[in-house]
Amino acid sequence: MGRFDGKVVLVTGAARGQGEAEARLFASEGASVVLADVLDAEGEAVAADIGAAARYVHLDVSSEADWAGAMDVARAHGGRLDALVNNAAIIRPAAIEDTSLADYMSVINVNQVGCFLGMKAALPLLKESGAGAIVNISSIDGIASKNGLVSYTASKFAIRGMTKTAAMEWGQFGIRVNSVHPGGVNTIMGNPINDPILETMPYQQQAIGRIGYPDEIARAVAFLASPDASYITGTELVVDGGWLAGRLEPGLPGSRLQTEGYGYNA
């Protein structure tokens, strides 16, 4: 028996990376999964590999019409919807003065508007199910920012806030809404050239000195969507290897970092 036997889960951005890992984990625990993305060939291939428990649907998350179609697919696939994972996101790093309005809005429309439209579209089906969960993927950049990420940070802070509003409004329907805040993740977004060095070197000063992996984020998402989190709503779960906790300082007690030259241990 899986935690999601008889349940239907829709995951956006599920054609690859973190969304794919989430979709595969839900299916492995008994869910009927709807994989949504704009990368049709990749999404269809993942759904086919998962098998009969999976369906793929083309979904531009910034389109209300596409969201309506995705809900129709969910209903047709399993007759209900029990969980939504708003995972789809893009990033366009640039200094503020080099960020055009068009580039800024392209990130806002996918990351922020897409999350809003997804929650709104899913609500009727979740209410029909009598309960359910929404997990919105924000970021550590939805809690603290970095230079060069004005549009991404704005969208991820917004997701964090929208999550709390939805939790307050929809608790009366038995619907829980939470956000997950990953740190660096070894995906095309987090490590676009798949460089093994980038899996460790940028993370040496955090508590767990490596990048995160998609399955680690997927397990946190599945927890929040499951009955194991039945009394958790309106909160954020940080999955970042300790990035936000602070930085290890070379030479101070308890640091694994080398003192001489402020070099790093391999």
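The values are calculated or read from the model by the stated rules, or taken from the named source; none is laboratory data. Just so you know, these numbers come straight off a predicted model, no measurement behind them. No Cβ is skipped: glycine too gets one built from the backbone with ideal geometry, and neighbour counts run over all protein chains shown. For accessibility, only protein heavy atoms count, side chains too; no ligands or nucleic acids. Shrake-Rupley method; radii C 1.70, N 1.55, O 1.52, S 1.80 Å.
Sort through THR153, THR163 and tell me the only one that's without any contact (Cβ under 8 Å) to a residue 24 or more places away in the chain and open to solvent by less than 20 Å² (accessible area, probe 1.4 Å).
THR153
Just checking, does region 170-188 include any residue being among the aromatic types (Phe, Trp, Tyr), more than 24 Å from MET119 (Cα to Cα) and open to solvent by 30 Å² or more (accessible area, probe 1.4 Å)?
no
Tally up the residues in region 138-148 that are in contact with a helix residue (DSSP H, G or I) (Cβ under 6 Å, 6 or more places away or on another chain) and either under 14 Å from VAL107 (Cβ atoms) or at pLDDT below 95 (or both), please.
Residues that pass the stated criteria total 5.
Is it the case that region 81-98 has a residue that's among the β-branched types (Val, Ile, Thr), within 21 Å of HIS181 (Cα to Cα) and in a helix (DSSP H, G or I)? Spell out the reasoning first.
First, pick out the residues of region 81-98 that are among the β-branched types (Val, Ile, Thr): 85, 90-91, 96.
After this cut, where a residue has to be within 21 Å of HIS181 (Cα to Cα) as well, the list is 85, 90-91.
Still in the list and also in a helix (DSSP H, G or I): none.
Within region 81-98, none of the residues are among the β-branched types (Val, Ile, Thr), within 21 Å of HIS181 (Cα to Cα) and in a helix (DSSP H, G or I).
In this structure, does GLU236 turn out to be among the acidic types (Asp, Glu), open to solvent by less than 60 Å² (accessible area, probe 1.4 Å), over 21 Å from ARG3 (Cβ atoms) and in contact (Cβ under 8 Å) with a residue 40 or more places away in the chain?
Numbers: among the acidic types (Asp, Glu): yes; open to solvent by less than 60 Å² (accessible area, probe 1.4 Å): yes; over 21 Å from ARG3 (Cβ atoms): yes; in contact (Cβ under 8 Å) with a residue 40 or more places away in the chain: yes.
Yes: the conditions hold for GLU236.
Results for (1) open to solvent by 20 Å² or more (accessible area, probe 1.4 Å); (2) touching a Pro at 6+ places or on another chain (Cβ under 8 Å); (3) modelled with pLDDT of 95 or more, shown as yes or no for each residue.
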site	(1), (2), (3)
THR200	yes, no, no
ALA207	yes, no, yes
TYR213	yes, no, yes
ALA218	no, no, yes
PHE223	yes, no, yes
TYR231	yes, no, yes
LEU257	no, yes, no
TYR262	yes, yes, no
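Testing THR99 on (1) farther than 19 Å from THR153 by Cα; (2) open to solvent by 30 Å² or more (accessible area, probe 1.4 Å); (3) not aromatic (Phe, Trp, Tyr), one condition comes back false. Which one is that?
With respect to (1) farther than 19 Å from THR153 by Cα; (2) open to solvent by 30 Å² or more (accessible area, probe 1.4 Å); (3) not aromatic (Phe, Trp, Tyr), THR99 is out only on (1).
Of the numbered conditions (1) at pLDDT 95 or above; (2) out of contact with any Pro (no Cβ under 6 Å at 6 or more places or on another chain), ASN191 fails exactly one; give the number of that condition.
(1)
Among the residues of region 61-76, count how many are within 16 Å of ALA88 (Cβ to Cβ) and either touching a helix residue (DSSP H, G or I) at 6+ places or on another chain (Cβ under 7 Å) or open to solvent by less than 20 Å² (accessible area, probe 1.4 Å) (or both).
7
Is there a residue being out of contact with any Asp or Glu (no Cβ under 9 Å at 6 or more places or on another chain), at pLDDT 95 or above and among the charged types (D, E, K, R) anywhere in region 114-124?
no
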